[in-house]
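Notes for the one structure printed next.
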Amino acid sequence: GQTLTAVALQAERVAGDFPSQAVSLGEIVATVHHSLGDVRRIVRELRPEALDDLGLTDALISLCLRMEQQGALTVRRELESGLPALSSEVELVIYRVAQEALTNALRHSQATEVRVALRRDGRARPEDSVTLSVTDDGRGLPEAPESQTGGLAGMRERAILIGADIEIGPSADGGVEVCLTVASNPESA
(Lines give C-alpha, C1' and ligand atoms only; values in the text may rest on other atoms or scores of the structure.)
Protein backbone atom coordinates (compact mmCIF):
# COMPACT_ATOMS: atom_id res chain seq x y z
CA GLY A 1 0.00 0.00 0.00
CA GLN A 2 2.77 2.41 0.90
CA THR A 3 4.63 1.63 -2.33
CA LEU A 4 1.54 2.27 -4.45
CA THR A 5 0.94 5.56 -2.66
CA ALA A 6 4.56 6.59 -3.35
CA VAL A 7 4.14 5.72 -7.06
CA ALA A 8 0.98 7.83 -7.26
CA LEU A 9 2.71 10.79 -5.61
CA GLN A 10 5.67 10.51 -7.99
CA ALA A 11 3.37 10.39 -11.02
CA GLU A 12 1.47 13.46 -9.75
CA ARG A 13 4.75 15.34 -9.26
CA VAL A 14 6.04 14.40 -12.73
CA ALA A 15 2.71 15.50 -14.25
CA GLY A 16 3.38 19.00 -12.88
CA ASP A 17 6.81 19.03 -14.55
CA PHE A 18 5.55 17.77 -17.92
CA PRO A 19 2.15 19.30 -18.70
CA SER A 20 2.07 17.55 -22.08
CA GLN A 21 2.04 14.19 -20.28
CA ALA A 22 -0.44 15.22 -17.57
CA VAL A 23 -3.34 13.21 -19.01
CA SER A 24 -1.31 10.01 -19.32
CA LEU A 25 0.20 10.44 -15.87
CA GLY A 26 -3.27 11.21 -14.48
CA GLU A 27 -4.47 7.87 -15.85
CA ILE A 28 -1.52 6.16 -14.15
CA VAL A 29 -2.40 7.87 -10.87
CA ALA A 30 -6.03 6.73 -11.19
CA THR A 31 -4.93 3.16 -11.90
CA VAL A 32 -2.58 3.19 -8.92
CA HIS A 33 -5.35 4.51 -6.64
CA HIS A 34 -7.68 1.79 -7.95
CA SER A 35 -4.99 -0.83 -7.27
CA LEU A 36 -4.49 0.57 -3.79
CA GLY A 37 -8.21 0.09 -3.14
CA ASP A 38 -7.92 -3.50 -4.36
CA VAL A 39 -4.97 -4.15 -2.04
CA ARG A 40 -6.87 -2.74 0.94
CA ARG A 41 -9.91 -4.90 0.09
CA ILE A 42 -7.76 -8.03 -0.21
CA VAL A 43 -6.09 -7.31 3.13
CA ARG A 44 -9.49 -6.86 4.79
CA GLU A 45 -10.60 -10.20 3.36
CA LEU A 46 -7.47 -11.96 4.61
CA ARG A 47 -8.10 -10.87 8.18
CA PRO A 48 -11.71 -9.85 8.67
CA GLU A 49 -12.01 -6.57 10.56
CA ALA A 50 -14.67 -8.19 12.73
CA LEU A 51 -12.00 -10.35 14.38
CA ASP A 52 -10.02 -7.29 15.45
CA ASP A 53 -13.02 -5.11 16.21
CA LEU A 54 -15.30 -7.64 17.92
CA GLY A 55 -13.19 -10.64 18.92
CA LEU A 56 -13.66 -14.23 17.78
CA THR A 57 -16.99 -15.02 19.45
CA ASP A 58 -18.75 -11.86 18.29
CA ALA A 59 -17.21 -12.18 14.82
CA LEU A 60 -18.68 -15.70 14.61
CA ILE A 61 -22.07 -14.38 15.73
CA SER A 62 -21.92 -11.73 13.01
CA LEU A 63 -20.92 -14.35 10.43
CA CYS A 64 -23.82 -16.62 11.43
CA LEU A 65 -26.31 -13.76 11.20
CA ARG A 66 -25.03 -12.80 7.72
CA MET A 67 -25.35 -16.41 6.52
CA GLU A 68 -28.92 -16.61 7.81
CA GLN A 69 -29.78 -13.44 5.89
CA GLN A 70 -28.35 -14.88 2.65
CA GLY A 71 -30.64 -17.88 2.42
CA ALA A 72 -33.28 -20.09 3.95
CA LEU A 73 -30.94 -21.39 6.60
CA THR A 74 -31.34 -21.35 10.37
CA VAL A 75 -28.02 -21.10 12.20
CA ARG A 76 -27.96 -22.22 15.84
CA ARG A 77 -25.04 -20.88 17.83
CA GLU A 78 -23.46 -22.56 20.84
CA LEU A 79 -20.50 -20.32 21.54
CA GLU A 80 -18.93 -20.86 24.94
CA SER A 81 -17.63 -17.86 26.83
CA GLY A 82 -14.36 -17.78 28.71
CA LEU A 83 -12.31 -19.63 26.12
CA PRO A 84 -8.54 -19.68 26.55
CA ALA A 85 -6.54 -16.96 24.80
CA LEU A 86 -5.89 -17.78 21.16
CA SER A 87 -3.29 -16.37 18.80
CA SER A 88 -4.52 -14.21 15.94
CA GLU A 89 -3.52 -16.98 13.50
CA VAL A 90 -5.64 -19.55 15.36
CA GLU A 91 -8.60 -17.16 15.55
CA LEU A 92 -8.34 -16.54 11.82
CA VAL A 93 -8.31 -20.26 11.00
CA ILE A 94 -11.30 -20.91 13.27
CA TYR A 95 -13.20 -18.06 11.62
CA ARG A 96 -12.31 -19.13 8.06
CA VAL A 97 -13.19 -22.79 8.69
CA ALA A 98 -16.55 -21.72 10.14
CA GLN A 99 -17.08 -19.42 7.16
CA GLU A 100 -16.28 -22.13 4.62
CA ALA A 101 -18.44 -24.75 6.36
CA LEU A 102 -21.37 -22.33 6.54
CA THR A 103 -20.89 -21.32 2.91
CA ASN A 104 -20.87 -24.98 1.85
CA ALA A 105 -24.05 -25.63 3.83
CA LEU A 106 -25.74 -22.64 2.24
CA ARG A 107 -24.64 -23.27 -1.35
CA HIS A 108 -24.33 -27.01 -1.73
CA SER A 109 -25.98 -29.07 0.99
CA GLN A 110 -29.63 -28.05 0.77
CA ALA A 111 -29.53 -27.80 4.55
CA THR A 112 -32.25 -26.04 6.49
CA GLU A 113 -30.37 -25.86 9.78
CA VAL A 114 -26.72 -25.54 10.80
CA ARG A 115 -25.26 -25.66 14.30
CA VAL A 116 -22.06 -23.74 15.02
CA ALA A 117 -20.39 -24.60 18.32
CA LEU A 118 -17.18 -23.26 19.82
CA ARG A 119 -16.08 -24.68 23.15
CA ARG A 120 -13.21 -25.89 25.25
CA ASP A 121 -12.33 -29.41 24.28
CA GLY A 122 -13.01 -31.64 27.26
CA ARG A 123 -11.62 -34.82 25.69
CA ALA A 124 -7.91 -34.06 25.71
CA ARG A 125 -5.94 -31.18 27.17
CA PRO A 126 -9.16 -29.59 28.51
CA GLU A 127 -7.39 -26.44 29.67
CA ASP A 128 -5.72 -25.57 26.41
CA SER A 129 -7.83 -26.93 23.52
CA VAL A 130 -10.68 -25.33 21.65
CA THR A 131 -13.06 -27.13 19.29
CA LEU A 132 -15.15 -25.61 16.55
CA SER A 133 -17.87 -27.79 15.09
CA VAL A 134 -20.18 -26.87 12.25
CA THR A 135 -22.93 -29.41 11.61
CA ASP A 136 -25.65 -29.21 8.97
CA ASP A 137 -28.74 -31.30 8.24
CA GLY A 138 -28.17 -31.28 4.48
CA ARG A 139 -27.64 -34.04 1.96
CA GLY A 140 -24.09 -34.94 3.01
CA LEU A 141 -20.80 -35.02 1.17
CA PRO A 142 -20.73 -35.87 -2.53
CA GLU A 143 -19.09 -39.19 -3.37
CA ALA A 144 -17.07 -37.73 -6.26
CA PRO A 145 -13.33 -37.16 -5.73
CA GLU A 146 -13.71 -33.46 -6.51
CA SER A 147 -15.37 -33.13 -3.11
CA GLN A 148 -11.88 -33.18 -1.62
CA THR A 149 -10.77 -30.08 -3.51
CA GLY A 150 -11.69 -26.43 -3.20
CA GLY A 151 -13.20 -25.44 0.13
CA LEU A 152 -12.68 -28.78 1.87
CA ALA A 153 -9.03 -28.90 0.90
CA GLY A 154 -8.66 -25.27 1.96
CA MET A 155 -10.04 -26.07 5.42
CA ARG A 156 -7.58 -28.96 5.75
CA GLU A 157 -4.65 -26.77 4.65
CA ARG A 158 -5.57 -24.06 7.15
CA ALA A 159 -5.76 -26.65 9.93
CA ILE A 160 -2.32 -28.03 9.04
CA LEU A 161 -0.82 -24.53 9.15
CA ILE A 162 -1.70 -24.13 12.84
CA GLY A 163 -1.21 -27.75 13.88
CA ALA A 164 -4.93 -28.38 14.36
CA ASP A 165 -6.88 -31.59 13.88
CA ILE A 166 -9.79 -31.43 11.46
CA GLU A 167 -12.41 -34.04 10.67
CA ILE A 168 -14.91 -33.60 7.87
CA GLY A 169 -17.52 -36.28 7.58
CA PRO A 170 -21.16 -37.25 7.88
CA SER A 171 -23.21 -35.84 10.72
CA ALA A 172 -25.74 -37.80 12.77
CA ASP A 173 -28.53 -36.16 10.71
CA GLY A 174 -27.01 -37.33 7.43
CA GLY A 175 -25.54 -33.92 6.66
CA VAL A 176 -21.93 -32.83 7.12
CA GLU A 177 -19.96 -32.15 10.27
CA VAL A 178 -16.72 -30.18 10.28
CA CYS A 179 -14.83 -30.49 13.55
CA LEU A 180 -11.64 -28.47 14.14
CA THR A 181 -9.67 -28.93 17.35
CA VAL A 182 -6.69 -26.73 18.12
CA ALA A 183 -4.46 -26.10 21.09
CA SER A 184 -4.79 -22.52 22.29
CA ASN A 185 -1.00 -22.39 22.49
CA PRO A 186 0.24 -24.60 19.62
CA GLU A 187 3.89 -24.14 20.60
CA SER A 188 3.28 -26.08 23.81
CA ALA A 189 1.49 -28.94 22.05
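Taking all protein chains together and rolling a 1.4 Å probe, THR135 ends up with roughly 20 Å² accessible. For segment 8-87, the equivalent ellipsoid derived from the Cα gyration tensor has semi-axes of 46, 16, 6 Å, listed largest first. Listed by number, the DSSP H helices of the chain that run 30 Å or longer by alpha-carbon position along their axis and have mean Kyte hydropathy of at least 0.0 are 22-46.
Report the full-extension gain for the segment GLU157 to SER24: residue separation times 0.36 nm, less the Cα-Cα distance, to one decimal in nm. Walk me through the intermediate numbers first.
Details: separation 133, 0.36 × 133 = 47.88 nm, distance 4.40 nm.
Gain on stretching GLU157 to SER24: 43.5 nm.
The protection proxy used here, the mean number of other Cβ atoms lying within 10 Å of each residue, ranks peptides 26-39, 89-102, 52-65 as follows, highest first: 89-102, 52-65, 26-39.
The values are calculated or read from the model by the stated rules, or taken from the named source; none is laboratory data. Please read these numbers as outputs of a predicted model, since none were measured by experiment. Note that we place each Cβ from the backbone using ideal geometry, even for glycine, and neighbour counts take in every protein chain shown. For the accessible areas, the whole protein counts, side chains as well, though only heavy atoms, and no ligand, DNA or RNA atoms are used. Shrake-Rupley method; radii C 1.70, N 1.55, O 1.52, S 1.80 Å.
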